[in-house]
Structure formats: structure tokens, C-alpha cells
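Heads up, the thing below is written out as C-alpha cells.
Every number in this text was worked out from the coordinates using simple rules, so none of it is lab data. Everything numeric in this text was worked out from a predicted model, so none of it was measured. Neighbour counts are summed over all protein chains in view; Cβ atoms, including those assigned to glycine, are modelled from backbone coordinates with ideal geometry.
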Amino acid sequence: MRKLGIVCAGLFLGGCGANVTSTHVKSETQLGRVVIYRNGVAYFERYADVSGDTLKVAVPSDKVDDFLKSLTVVDAQTGKPAPIAYPSGPSGGTIDMKIHLDGTGPHKVRLSYVTDAPSWKPTYRAIVSPGGKVDLQAWAIVDNTSGEDWDRVKLGVGSSSAMAFRFDLKSLRLVERETLKSDTLFATAPPLGGVTHGQGGHAGQAAARVMTELSDEAIARNEVVTGKKTAGNASFADVRQTSAPPPPMSKAPQQPSPGARGVGVGGGGNAGPMSVTRPAQEPALPAEEAQARAQLDGLVRQAQSTKNTIVIEGYASGKDGDKMTSSLERANRVRDQLLRNGVDPNRVVAVGRGDGGSANGGVRVVEQPLAQAPPAKPAQPAAPESGDPVGTSHFESGTAMTVPRGTSAMISILSGKTDGQVVYLYDPETARGNAQFPFKSLRFTNPTDSVLESGPVSVFGDGRFIGEGLAEPIPGRAAAFVPFALDRQILVEKKTDEKDAIARILTVQRGVFSTEVQHKKVTTFTVHSRLGEPSTVYVRHTVPAGYTLGASPPHAEKIGQAVLFRLDLKANEKRDIVIEEHTPVFKTTDIRTPHGLEQIKAYVSQGAAKAGLQEKLSEIVKLNQDLAKIEEHIATLREQQAEYRTRMDELHMQIVTLKAVKSAGPLMTNLEKKLAEISDKVSKAAIDVVAQEEKRMVARVRLQDAVAELSLEKDRKKDPEAPPAKP
């Protein structure tokens, strides 16, 4: 009998001395493949030639749980899974596990398992070329801490937000059973079986849109509902089997195959989530949980009905300490809910946005459309076969590589041309933004269908290093901005103005209008380029909650909850970007006040009212104007009267003084003549004031009558589109 040794340090971190034993073995096992993930685990794949019908594996007792949870043993030629048996109960040191092979052999056996491993680290090089192209290179830094040499193996890296956990599978679980009385039923009828449902969908391309927004309370309720939908006490007989091995990194539970004796670990299908029989009728849920289930089911249907990328954007709340970590954790929770309900993990990306300007946290689910004409793909390794480990993104080396134990390696995962250019990004809103100067940034498109993980980006141009930045996770075929330098050659000034304008008149009562006022906020960005060449500037602006974007530049892109407006500048050019936002406000407007009259005038000048109301309002405005002119005339006459009286007093004093002078006769006569003329003017002004006051009285009566008629008209003909007046 010959022994086949598996290097156990590759199976479990730390030395263990595990051996694989067979009655007739031709050669030792060979490590053929390693895929390292971002969630702290790695997938190992080994091959062995066995001529007997059993293999024995000695596994350290503290590693048995991980071994049972992830080990898959299949015949590499037939794909038939092999069951495993092991002694139960407490034990120390190592545990001998026996793998039963079908027939006497020879057999070529494939063993695969998942174990702890350091997360790989991405890094990027971007070389800017003329003509709107970027030579994008992506590298993965991997660390071999397994304790064995990775000699000529296919090395890959994957991105996955799937949770990796420890779970006790080795210990015995004894259930305390009740003692039944004689009048107690010894059994109950089993629930009726149901039909499992696959993923539906169509291949249509959808426009970019926000699918839904979920608060922290909604996320928690959905987790409760998801737990009830996936929980169950299914036995091995309830589980559907296929012959292909399960994907070790799939979010779905592993599908065990029934062994002859002991625990079945080897089998399982590659059909996605575990399929178990369900009751035909589930018990009624409370109202809140029923609403949460309907909301979650609706989101799942939307996600399954499109082939676009689903981006889950998490946001931090005011109570969170680490904003980025908390926001990413929220996004991953919602992603896990979708995955547990059958959504393809390769199309769902979780992104942490940090503090989104609101103290409420929550997530936003956005459908990211594929590019209409994606650029040519750079050379990529062949797609993994069915049953291979996959994650949100999966890159694998095309040739075998060697990484000695205790060393690290940087492997190329992407190299090729993509669309991109150097632009300027003005970001006055985020914590690291600048309120005066935009950042020099690299804007490029992810040329792959996989997610490019967050990592540092070194930017080169004109044969030299020009800066570096940090990229967020970039979904497949999506465009991204990477700021890499603060350039003071472009200056931005911001100015904000606010004003109100009547949008609708709801009710009228004796000159007081209940109106829907459009509160408008106008933000003006003045961009001044001091460059001697053309440039492109993107201005980041977030529309406040409750406001709607109005008139704005036509070229815009969404980035999180903000909007990027593009501005193409010539050399040394200065231009403005004007952004209007409005929100409805319900107010009362008194036409008898100057401010109210100006509001009604502006509303009439816009021609926004209906024909009948427009005529009535125009008449009221005209009557107000006539009344204002009369009052202005009366005020002028009264001022003239006051001036005349003052002049009369002066003349009277002069005449009294001249009476004592004997030679002042001609001068006194002249002064008395002037006094008489001014007295006539005072009398005429008084008569004019009386006449104008009469006109004012008539004008006021006409205005009050017109306002009253307008109120009655509104009462007789209610506008069916107008909402009821708010108090």
C-alpha cells in the first residue's frame, strides 16, 4: 500500500500533517488551481490518480467544520460525487475521513475546498493616449501564506461580497424530545409540496433609472421576511440533486448528496440556490412583513427582468462612526437579500457611498444600463466552466504560474485599450472636494463585463507620471471618474439666488388668494479657464431633497445622488452654468398688498391661468393699477397743497413786515398779487383732491366688486384639477 500526501498547509492555514491514503495510488496529488477572493477565503483545487476504491484523509479536528462545509470530491471523468464518512463524537488531534469511490478504479479524483486566505489587493495603471483612449492595466497582488509552494497552478482572483463564516458541523446535536400521552397524536400530516420557480427575465435594454429606495427599517423587515422564506427543516430527501459539483463561492447554500453512511458532503448541483419543497399555503404574515415581502418580491422581479447591472448604493446615517464601512455594510445586506431570492450575483454590485447628505442612512437601488456600443474587449481568459467558483468578478491567468510559499506576487488581470480622457471634476460637496478649484481627473470606461474592485490608480501621460487617485468599485461597462491632482488653472465661483412665483391659484376669498407657489432656487457656477488649450469640466451638484431639477445644461450624468454637468471650454474662456431647482409651496397672497399685487402681476404676465380666470385677473390688475394712479395723484395734490400753504405763510409774513415801511407800496402790491394767485391754486388743488377722492372711492368699489365676482365665479365653477385648499 502506497501513501498519497496532500500538502495540508494549502488545505488549512498552519501545519497539520494530513495525509491521503489509498490501497493503490499511482502518484501524489497535484495542486492545479487557486482562486483568491476579497472576502478572506480562497478556493483550492487538487487532482489525484487512485486505483483503489477508497481514500482516507486525516484532518485536524479544529478544521473539520471548514472541511465539511466546503469539500467536494468528484470523479474528474464522470463528474459523479463521492460521499464521505467519519467517526462522530469528540476527538483530539486528527480525524480520519474515508472517501468512497464507485468501483475499483482506476479513478482520477478532483478535490476542491475553501479555506482562509489573505484578501488580494487590486492596483491599476492608466496611460492616457491621444484621441480619447486610455491603455488600462489592472494587477492583483496575492500573498501565498498557505505553507506550500504553488507550483505551476492556474491562479485567479475573484470579487465577492458573499459572507464567509464558520459553522459547527462536526458536533452532535441532541434534541430534547417530549413524552407523548396516550391521547396525543403520534404524527401529523406533512405539508403539501410546491413547485420551485426559476429565474425569469428578458433581454431588453432598460434606461438608467432608480429602481427603489430602502430605509434601514425596510432593510431589517426584508431580512426577517427573507429569513422566513429561506428557512426550513428540509431533509436530504427534500433536496434536488444534480451530477455537477457545486460552486464553492456561490452565495446559495451547498447542496449535499446523501451518502451511504455518515454525512454526505460531496454532491450537489450547480443550479443556483437550494431547491426544497415548500408548503402549498404559508401562514399569513403580519401587515408590515407582508408589505416588506411584496416590496422585496417586486424588486427581485425587476432585477430578474433585466440583464443590466444592478448597483446597490449604501449610505451612512448620522449615528454611524465609520461612514464608508457602515454604508457598504447596508449595501451588502440588500445584495444578500437579492441573491437569496435567485438574482444573478454577477449582475449585482454593492457600493458604499458614505455620508449622502442625509442622516437617515438606507440604500438606493439603481439599474445601470449597458453601453449602446461597448468598446472592443481586451484579451480575457476563458470563462470558467460550469461548477467553477465565481464571484461578482472573476479574472484568471491564462498560463500556469508559480508562487513559492511565504512570498507574494503581482499578476496581470487586465490589459487593453478603453475609452477615456483627462477632464476636470469640480466637487464642492464631498469631504475631500474643493469649493474653488476642480480636480484633474481621469474619466474612463470599464471595458469588461466584470466589476473592477476599488483600488489605487496611477495615471501616466506624455511619457511621465501625472498623478494617482483611488477608484470606487466600477460595474461592467460603466464610466468612472478618478481625481488625481488639484489643478488651479480653472477657477469656479458659485452664486445662489431664490425667488417665488405663483404656479396655480387654488381659491380666492375677498382679495386673498390661496396659491401654489413655485419656490425656485437658481445656482450659477461661473467657470473661468486660465488654460491655453480647450478643456472639459464636470460640475457636481446635488438636487436638495424635495426639489425638482428645472432648466439646466443638457449634458448631464448621474453619480450617486448627485448630477454631473459637462461644460466644454475654449482656451481662456469664461462661461456660466445655470441650474434651476423648484419645489411647490402653498401660500396665501393678498392682492391688496404691494407684494401680493406684484405676485399676481407676474402670474398674469406669464399667461399661466386659464382663459376665463386670465381675463378676470387682468381686469383686477388693471383696476389695481388705476386705483394706484389715483392714489398717487391724490398724494401729489396734497404735497402741492402743503407747498402752496408754506409759500402763502411766507408771503403773509413779508406783507406784515412791509406795512411799517412807507416806501414799500409797489413791492407790497406785488406780494399781495402773488398771495392771491397761490391762494387760488390751493383752492383748485383742494377741489382736485375732492374729485380724485371720489374717483378713488369709485375705483375701490369696482375693485371690490371684481374681486367678489371672481370669488363667486370660483365657487360656481370649481377647477377639477385644483387640489382642495390647504389650511
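Which loop GluC sites (Glu not before Pro) in segment 92-178, with loop taken from DSSP, have no more than 12 other Cβ atoms within 10 angstrom of their Cβ? Answer in residue order: 176, 178.
What are the aspartates and glutamates whose alpha-carbon lies under 13 Å from the alpha-carbon of residue 121, with same-chain residues fewer than 8 places away excluded? Partners within reach: 143, 453. If R0 is 41 Å, the Cβ-Cβ spacing of residue 571 and residue 499 corresponds to a FRET efficiency of close to 0.70. Approximating the spin labels as points 7 Å out from Cα along Cα→Cβ, the residue 405-to-residue 585 distance works out to 7.3 nm. Can you work out the FRET efficiency for the pair residue 322 and residue 430, with r the C-beta to C-beta distance and R0 = 25 Å, to the nearest 0.05? Computed FRET efficiency for residue 322 and residue 430: 0.95.
In a simple Cβ point-charge model (Lys, Arg +1; Asp, Glu -1; nothing else charged), segment 468-614 has a dipole of about 440 debye relative to its Cα centre. Calculated FRET efficiency, residue 294 and residue 163, Cβ-Cβ r, R0 25 Å, to nearest 0.05? Here the calculated transfer efficiency is 0.45. Charge tally for residue 641 (other residues, Cβ to Cβ under 12 Å; Lys, Arg +1; Asp, Glu -1): +2.
Take each peptide in 340-351, 408-419, count the other Cβ atoms within 10 Å of every residue, and average; sorted highest first, the result is 340-351, 408-419. Among 430-436, 481-487, 440-446, the peptide with the highest mean count of other Cβ atoms within 10 Å heads the list, and the full ranking is 440-446, 481-487, 430-436.
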